[in-house]
Amino acid sequence: MTERFVVVGAGTMGLGIAYVAAGAGHAVELVEVDRARGGAAVERLAQLWDRAVQRGKLTAEQAAANRGRIALRAGLAEVAEAPDVIVEAVPERLDLKRAVLTEAEALRPALLGSNTSSIPIADLARELARPERFCGLHFFNPVWAMALLEIVVGPATAPETTDAAVTLAGRLGKDPVVVRDMPGFATSRLGVTLGLEAIRMVADGVASPADIDKAMVLGYRHPVGPLELTDLVGLDVRLDIARTLQAAYGDRFAPPPLLVELVAAGRLGKKSGQGFYRWVDGVRSDDTERPGPGTSTEPATGAAR
Ligand code: NAD
């Protein structure tokens, strides 16, 4: 069944959700207020489809059909009423998300979801008129490769909404977990713990980012180390999540000063070309020097990998 699927925010996650929804046959409206980012998302989507064709995962006709299912919108005001699903994937800020959700709710979607990584659904739902239709739809990065969909059930979420979210997961080819509404849910609370500790270890000069990551990949069979993952997620995104979790659980989630410094310096990870690693054309190209205290915001140099 073709659904009208609206994704708000065409950043890292929004474009991934749009890609997967279009691939599942849905008519997708991708809403992005920043014109440059909207254009960049359309280009990136075209690259993803080209790559899928090159790798033999899609025919050229299928890729063209998927591409044709996505329409870019400059604001929710351009979206027609009563879509089947609206998922917001705007930055992890409570006020911004609440404003977007209020505007989205006015369009009367059958299912309203937030891709928040950490903010309780109850807090996001506080100003909604129909919180029973709302739940967390937490996708993972990159959305086309990650099987998990974490469905977060708020105190007002109706059982039918949870059922609809589970059904949606199946249609998008995702494997859901249904979790209770706590800050950070099941995934970010654990994943961010590891990421923040790894950043503290870089600041302490325990080892280079590459060696810390290698230790977790080879020693614990993590598919990617915590610092490379932080680069992939976005340092700014992780900082916002840490602040949310600090407010909920206390200083064990306090953002390390190094993370704050790197974000202030514009080192946001893969998307800005530099984080704990340097990224060239989306590929991790070299390592930072073995850092020590006081070297935290030095530009990344070091041997090419
Ligand atoms: P991002 O900064 O890459 O993208 C957010 C996009 O939203 C930007 O393009 C921005 O211009 C746009 N935006 C802001 N206000 C808007 C509005 N009013 N209407 C439409 N678009 C608007 O962020 P992201 O990494 O994609 O994260 C989005 C959400 O997904 C956050 O809640 C984050 O915590 C969560 N999340 C991120 C990851 C990850 O790996 N990056 C993983 C899971 C969940």
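The values are calculated or read from the model by the stated rules, or taken from the named source; none is laboratory data. Computed from a prediction, not measured in an experiment: that's the story for all the values here. Note that each Cβ is placed from the backbone with ideal geometry, even for glycine, and that neighbours are counted across all protein chains shown. These area figures cover heavy atoms from the full protein model, side chains too; ligands, DNA and RNA do not enter into them. Shrake-Rupley method; radii C 1.70, N 1.55, O 1.52, S 1.80 Å.
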Using the Karplus curve 6.51 cos²θ - 1.76 cosθ + 1.60 with θ = phi - 60°, what ³J(HN,Hα) values do you get for each residue of segment 45-56, in whole Hz, with x for Gly and Pro? 4, 4, 4, 4, 5, 4, 5, 4, 5, 4, 7, x
Helix 235-249 versus the longest principal axis of the chain: what angle, 0 to 90°, nearest 10, using Cα atoms? 80 degrees
Once Lys and Arg are counted +1 and Asp and Glu -1 for all other residues with Cβ under 13 Å from that of Phe253, the total becomes +2
For Pro226, the net charge from surrounding residues (Cβ-Cβ under 9 Å; K, R +1; D, E -1) works out to -3
Just going by the charge dipole of the chain, with Lys and Arg at +1 and Asp and Glu at -1 on Cβ, which of Gln246, Ile70, Val31 is farthest out on the positive end? Ile70
Glu61 and Glu81 label points (each 7 Å along its Cα→Cβ direction) are spaced in nm at 3.9 nm
Step through the residues of segment 262-268 one at a time and calculate ³J(HN,Hα) from phi using the Karplus curve (6.51 cos²θ - 1.76 cosθ + 1.60, θ = phi - 60°), rounding each to whole Hz and writing x for Gly and Pro. 5, 5, 4, 7, x, 8, 9
How compact is segment 4-180 by the rule of thumb for globular proteins, expressed as Cα Rg over 2.2 N^0.38 Å? 0.97
Sum of -39500 (n - 2.57) over DSSP H runs of 4+, divided by residues of the chain (222 nm, nearest 500): -13500 deg cm²/dmol
How many nm is it between the label spots at Ala207 and Ala248, if each spot is 7 Å from the Cα in line with the beta carbon? 3.0 nm
Listed residues His222, His138, His26, most fluctuating in the chain (Gaussian network, C-alpha, under 10 Å): His222
Tell me the net charge near Ala164. Cut-off is 13 Å between Cβ atoms, Ala164 excluded, with +1 for each Lys or Arg and -1 for each Asp or Glu. -3
With all protein chains present, the chain has a carbon and sulfur share of its accessible area (1.4 Å probe) in percent of 55 percent
The chain - Rg and Dmax from Cα coordinates, angstrom: 19.4, 57
Under the definition of Cα pairs under 8 Å and six or more residues apart, what whole-number percent is the relative contact order of segment 187-285? 25 percent
Enumerate the amide H contacts of Asp181 below 5 Å, restricted to partners 5 or more residues apart or on another chain; note that Pro and chain-start residues carry no placed amide H. Val153
For a quick check, take a GNM of the chain with Cα springs below 10 Å and name the residue from Asp281, Asp231, Asp123 with the largest mean-square fluctuation. Asp281
Would you please give the residues with an amide H less than 5 Å from that of Val8, counting only those at least 5 places away or on a separate chain, with H modeled from the backbone geometry? Val31, Val87, Glu88, Ala89
Could you do me a favour and compute the accessible area per residue for the chain, 1.4 Å probe, result in Å²? 46 Å²
Which of the pairs Lys57/Lys214; Lys97/Lys214; Lys57/Lys271 have their Cα atoms more than 27 Å apart in this structure? Lys57/Lys214; Lys97/Lys214
Would you work out which of Tyr220, Ala106, Ala10 lies farthest towards the positive end of the dipole of the chain, given +1 charges on the beta-carbon of Lys and Arg and -1 on that of Asp and Glu, about the Cα centre? Tyr220
Using only the alpha-carbon atoms, how far is helix 94-105 inclined from the longest principal axis of the chain? Give it as 0 to 90 degrees, nearest 10. 20 degrees
